[in-house]
Amino acid sequence: RADALAPLANTLHGFVESGLRVLLTARTRTQGDRMAGLFRGYGIELARGVEPFTPEHLRAPISGKVQIVLGELSHGFVLATAALACVTEGEVFGDKPARAAAARKAKKSNTEAFLDDLSALAVGDYVVHVEHGIGRYLGLEKKQMPLSRYEELQGMKPVSVEVLLVEYVGGKLFLPVTRLNQIQKHSGAEGKVPKLDKLGGQTFSKTKARVRDEVKQLADDLLKLYAQRAGVERPPLPPEERSYKEFEASFEFDETPDQTRAIDDVMEDLEKKRAMDRVVCGDVGFGKTEVAMRAAFRVAMSGRQVAVLCPTTVLAQQHAQSFKTRMAGYPIEIAQLSRFVTKEDQQKTLAGIKAGTVDILIGTHRLLSKDVHFKNLGLLVVDEEQRFGVTHKERIKTMRAHVDVLTLSATPIPRTLQMAVSGLRDLSLITTPPVDRRAVRTFVTRWDPHVLGEAIKRELARGGQAFVVHNRIESLSERAARIQEMVPEARIAMAHGQMNEASLERVMADFVAGKFDVLCSTAIIESGLDIPRANTMVIDRADTYGLSQLYQLRGRVGRSKERAYCYLIAPPPSAMSDEARMRIAALERFTELGSGFKVASLDLELRGAGDVLGAEQSGTVSAVGFDLFLKMLEEAIAELRGQPVVHDVDPDLNLETPLLLPDDYIDDVGVRLSLYKRFASADSEPGVEAIAEEMEDRFGPAPDAARTFVRAMALKPELRRMRVLGCEASRTRVTLHLAGDSPLDVAALVVLVAKQKSRFKLTPDRKLSARFDEHDEGDAIDRVQALLSELSPLVRAN
């Protein structure tokens, strides 16, 4: 709150009146400027500008003024013998941990922040403006913004600002970077070029109205599903027992910080009365399975059954072995149900599930069959949800209403991601790689016998193994023969989904055991296989695979300390579709560890977000863009719940000073765009401060123009709170355009305006103006800060 510094300001006035020299310390110049602006609003006279601290500041008298210096000081002090008082930034704004917590609270979730990022926006990309609709981004420009008639009458001068240029039918939009929160990158359906909206026309308004109606129906369906879940209470798990502590301690690796957080999230969910529905999104090999094992162990030991649903028989078998090895010695019965299991064993397992003697059942979609009857199912673990078909997902959805659900995914499907982002499902991200894990080097090439032969030979020479993925069963043997010609010494095996269970199981087991050097297979190896010695992969005709599928395939290598290599075989760019080129380029770009969430988000852009609940992957989202769709969904849900829906206002700033981040300070346009949007979207002063600190940490001390921009953006949260539509300010006058639902107390405002010789004026169209003495210190931003400090006590409590 802007008036929260009044007690401290009174203390500083007291120090000055007592004849003390006063120093305020700030860690960064941006924070120093911010302090200067705030205290000027309380009539405190400041000496000079913000300066780096020197010992001279302790000796030189600064009569009747306060000096702000840059420096780290843990606590303030008053030294009467030296007539000196020192106050730290922490004592002004609160200590750093408390402010960091406030900044974290003010920040959006990491999922929302990622989707808000404009750093990858390129000239020619499509964007969505909340009012004007779909346009084409043409770049950033510095432009002198024209003044309104009102601003001309007030004697204001036009200033240069950096604007985002967007092309529409019938004109171009110049959007000041201070309002970049109004724009998002367009996320449309794959291969579909969106139609540009007309600037100032009614097309986008009609589109929004249509989508809003559809979203209301969707929100109603969602609420019914989640109300059904909320209404089903189950006994929470008892507190962790000694057996779980022992199981936890038997994990042979050190948990990464993200993995620990994900485990804590899941355990917290299981100890609530409401059923869990959590997505754990972590890159391949980052430890998602261990999260599932911990949850399965606790649920099984509490007397409830666990179902682990895998997309392939090979993965089901590997999970079954891992679970049995990890839980050996505990009274937990683990069974497997897939086409690798004989009919006789399947019947025994089905009987055990029904009787309750089987505690954990691991299998493929066979688990969803009508003849599988659990006695007391407590937890459903779904591994790689995107690999299941529509019918299976509908069955999972039915089960989700009654039991705890834990979904594991390296690249969650857009629908899952959508629900996690919009807060309807809980999301835990594991982005920290295991110790010693190295990124997979990725190369795009044509089919070149020399290049590929050398790659496989190098892998075999260091004692490793290789995958060659060719997704056509009829020509797989021909591909294997060509590999044999390239590398005559290699022992080659083949694997595909049409092999009988025993043969496929034997081939996979022999490859894991090292009896073969090269496995030529279809995409059956896509999910979950853990073969640390296999560290080279060749993917034939990579342009025919989906982005998530490519990412999953590449994840089969690089699961040890060894450097891994992936060769994407693709035709020349001119022979590929635009979408295929984007997929290949994305896989080249996202090579760093922990890219799965980025791949999922790009997949969302390429394929379209789709219908959250139904079978279709394409829906109404591309009409308004993903971010606006989510906002509509959140508003519709709030409305149906009977919660008040308050539409945000976005104050327009005209402060007689250029507002931009200089390109010689941050020369990368994408990074500037990203920072502009984050500053414009920040909903609290601590949030603005956190971004400014990060900026200075990355790019060094901010120049004057950047510090001015940060100070201006720090005004917006308070202007939003007062529902200010626009703010014009000079050194002599500040005018606020108040919305009709401004929380400022009108009666108190009238009293303020009616005082004799009042410097305030309120017009019938809700323009509130205040005059200032041009001889006072400070600039237009200081004047706005001072006015907000005066008005803050007049804000009515909610």
| query | Which distance in nm do the two modelled labels at ARG462 and SER302 give, with both placed 7 Å along the Cα-to-Cβ direction? | reply | 4.5 nm
| Which order, highest average first, do 359-371, 642-654 follow once you tally other Cβ atoms within 10 Å for each residue and take the mean per peptide? | 359-371, 642-654
| said: Can you compute the modelled spin-label distance between GLU240 and SER503, with each label point 7 Å from Cα toward Cβ, in nm? | reply: 4.8 nm
| What percentage of the solvent-accessible surface of segment 330-376, computed with a 1.4 Å probe over protein heavy atoms, is contributed by carbon and sulfur atoms? | 51 percent
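Quick check for you: with a 1.4 Å probe and neighbouring chains kept, what is the accessible area per residue of segment 674-798, in Å²? Before the final figure, lay out the partial values.
Working: 5270 Å² over 125 residues.
With the other protein chains kept in place, segment 674-798 gives 42 Å² per residue.
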| field | Label-point separation in nm, ALA705 to SER369, each point 7 Å along Cα→Cβ | value | 7.0 nm
| task | May I ask you to list the aspartates and glutamates whose Cα is less than 18 Å away from that of LYS142, ignoring any residue fewer than eight positions away on the same chain? | result | GLU162, GLU167, ASP652, GLU656, ASP663, ASP664, ASP667, ASP668, ASP704
| field | When each of LYS272/LYS354; LYS324/LYS561; LYS288/LYS561; LYS348/LYS375; LYS208/LYS767 is checked by Cα-Cα distance, pairs over 21 Å | value | LYS272/LYS354; LYS324/LYS561; LYS208/LYS767
| remark: One quarter of the C-alpha convex hull surface, i.e. the mean projected area of segment 684-793 in nm², amounts to 7.7 nm²
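The values are calculated or read from the model by the stated rules, or taken from the named source; none is laboratory data. Bear in mind that the values here come from a model prediction, so they are computed numbers and not experimental data. With ideal geometry, Cβ positions are generated from the backbone for all residues, glycine too; neighbour counts draw on all protein chains shown. What goes into the accessible areas is simple: the full protein's heavy atoms, side chains included, and nothing from ligands, DNA or RNA. Shrake-Rupley method; radii C 1.70, N 1.55, O 1.52, S 1.80 Å.
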